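A quick write-up on the structure given underneath.
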Amino acid sequence: MNYRTVIGFGEKNIDYLLEKFDKLLEEPNKKGIYGAHYGGFFFGYSQCVRFLFVGIAFYIAAIFVHDYNDDQADTYIGLYTLFLAALGTGISLSSAPSVGKAKAAAITIFDIIDDPSKIDTREETGEKIIKKGEIEFVDAEFQYASRN
């Protein structure tokens, strides 16, 4: 995307820039791999807990139906209600960090919107019509960091 800028540094510097870029990516790559292992472990743990919960709940429901002659339909309706409540709670809690980030982002956006502009288009002073369409640079300097 920034090919012209990179070429502007000179052909001999391109290999140096690519090597430096690769070195800069090593640390984020290591963190990404660590995060993937960490996330994978906790995903597996959460699945294990979920299936253990389902197994224990069905075991207890079977005991109520078999040993205490509880009505099967009522028992499994209660079990289904319990599952839906747990699922809804889990989904709600998993969104909690995103809600905090969304609030912080909204505050930033509204601060930008509420920031008064230095150019008030409603004022009558100043020139409003572009006559020539030219831009003039006065006392402007530019040079690449690797060049004199």
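Under 14 Å Cα to Cα from Lys103, which aspartates and glutamates show up? Leave out anything in the same chain fewer than 8 places away.
Asp111
Obtain the nm distance between the two label points defined at Thr89 and Ala62 by a simple spin-label model: each point lies 7 Å from its Cα along the Cα-to-C-beta direction.
The modelled label-to-label distance comes out at 2.5 nm.
Quick one: Debye curve from the C-alpha atoms of segment 34-81, no solvent, what's log10 I(q)/I(0) at q = 0.20, 0.28, 0.33 Å⁻¹?
-0.67, -0.95, -1.09
Taking just the alpha carbons, could you work out the radius of gyration and Dmax for the chain, both in angstroms?
Calculated on Cα positions, Rg and Dmax stand at 31.5, 93 Å.
For the residues Arg4, Arg122, what sequence is obtained by ranking on other C-beta atoms within 10 Å, fewest first? Working shown, then result.
Details: Arg4 7, Arg122 4.
With the fewest neighbours first, Arg4, Arg122 line up as Arg122, Arg4.
Would you list, by chain and number, the lysines whose Cα falls below 26 Å from the Cα of Lys132, excluding same-chain residues fewer than 8 positions away?
Counting by Cα, and skipping residues close in sequence, Lys132 has these lysines nearby: Lys118.
None of the figures in this text is laboratory data; all of them are computed from the coordinates on show. What you see is a predicted model, and the numbers here were worked out from it, not measured in a lab. All Cβ positions, even for glycine, are placed from backbone atoms using ideal geometry, and neighbour counts span all protein chains on display.
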